[in-house]
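The values are calculated or read from the model by the stated rules, or taken from the named source; none is laboratory data. What you see is a predicted model; the values in this text were computed from it and never measured. Cβ coordinates were reconstructed from backbone atoms using ideal geometry, including for glycine residues, and neighbour counts include every protein chain displayed.
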Amino acid sequence: MATKHPSRLRYAARTDPGRVRAHNEDAYSIRPDLCFAIVADGMGGYSAGEVASGIATSVLTEALEERLSDPKALRSNDTRQLHRLMVECIEHASASIFEAARLEPGYQGMGTTLVAALFHYHGVSIAHVGDSRGYRLRNGELEQLTRDHSFLQEQIDAGLITIEQARNSQDRNLVTRAMGVEPEVEVEIHLHDVRTGDLFLLCSDGLTEMLSDARIAAELTRASDDLDLVCQALIDAANERGGLDNISVALVAVDEYGEPTLPTGWLSRLTRRIGSR
């Protein structure tokens, strides 16, 4: 299936158990043909975390495939409609995790964090739950686009601790939102602009707990054109610092970003509507 996006985007993703954990409870999904990438970080112990992240990525991917199968979906001029689409798909995936835990006693309490990026004609919509993050590297500057749903972030926002103190806190794994833990989930989603030359990173906290933003930026700045090698370089750097958790990264490089070409009839109708206001 050919991409429905007018731009040239390159995708890559990798996951690694790290140096301490016996199991990898992270999961990812990338669909270049439909212009989205997903990273999930499961929790729940034993195999439950792996189950939760697996359900999150597989069900969300299937839901987005179905909803984005209409060629008009990514060309929609209504960003709010795209956001509703993403949120509804994530809510569906979260409900699937919750139902699986209800039916299987061994899965009770499982959940997962998640970050997902959908590229379309008006930019990139990034949705997240928990402390999996989205970043954008532009002109050598790294910007965190998501804000953690975590106990530590709340303390930072309240001015009770500094970012450096948070990095060394014993409470750094306490999230305030997760998929599948409750019957309903609150999803945060925002639209971000995209420019030619941008590099977007989605990752689990196994990367950000080991590497500072400055170190991540350094790895990305000296990146090669081979995104698979870049993913591996980030994972290797996190493992060199201890690899205390599973590590997952997904990269999207924007080689060219184009504006949508709208049908003349559609554009004229829009112009008439605007002019009549």
* Asked: When both residues are 6+ apart or on different chains and their Cβ atoms are under 9 Å apart, which pairs have a first residue that lies in segment 92-110 and is among the acidic types (Asp, Glu), and a second that is buried (at least 22 other Cβ atoms within 10 Å of the Cβ) and part of a helix (DSSP H, G or I)?
  -> Glu104/Ala48; Glu104/Val51
* Report yes if Ala93 is over 22 Å from Leu202 (Cβ atoms), in a helix (DSSP H, G or I) and in contact with a strand residue (DSSP E or B) (Cβ under 9 Å, 6 or more places away or on another chain), otherwise no. => no
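How many of the residues in segment 26-49 are charged (D, E, K, R) and either crowded, with 21+ Cβ neighbours inside 10 Å or under 17 Å from Tyr135 (Cα atoms) (or both)? So that I can check it myself, show each step before the final result.
Here is the first cut: in segment 26-49, the residues charged (D, E, K, R) are 26, 31, 33, 41.
Next, only the ones that are either crowded, with 21+ Cβ neighbours inside 10 Å or under 17 Å from Tyr135 (Cα atoms) (or both) stay: 26, 41.
The total comes to 2.
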* Asked: Taking interchain pairs and intrachain pairs at least six residues apart, which have beta carbon atoms under 9 angstrom, with the first residue in segment 241-262 and closer than 18 Å to Ala117 by Cβ and modelled with pLDDT under 95 and the second among the basic types (Lys, Arg) and in a loop (DSSP other than H, G, I, E, B)?
  -> Tyr257/Arg195
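Does Asp225 satisfy the condition of being among the charged types (D, E, K, R) and modelled with pLDDT under 95?
Yes: the conditions hold for Asp225.
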* Structure fact -> If you go through Arg80, Arg102, Arg136, Arg147, the only one that is over 18 Å from the mean Cα position of the chain (by Cα), among the basic types (Lys, Arg) and within 26 Å of Arg195 (Cβ to Cβ) is Arg80
* Can you tell me which residue in segment 146-180 is modelled with the lowest pLDDT, limited to those that are of a type in the set (A, V, I, L, M) and surrounded by fewer than 19 Cβ atoms within 10 Å (Cβ to Cβ)? -> Ala166
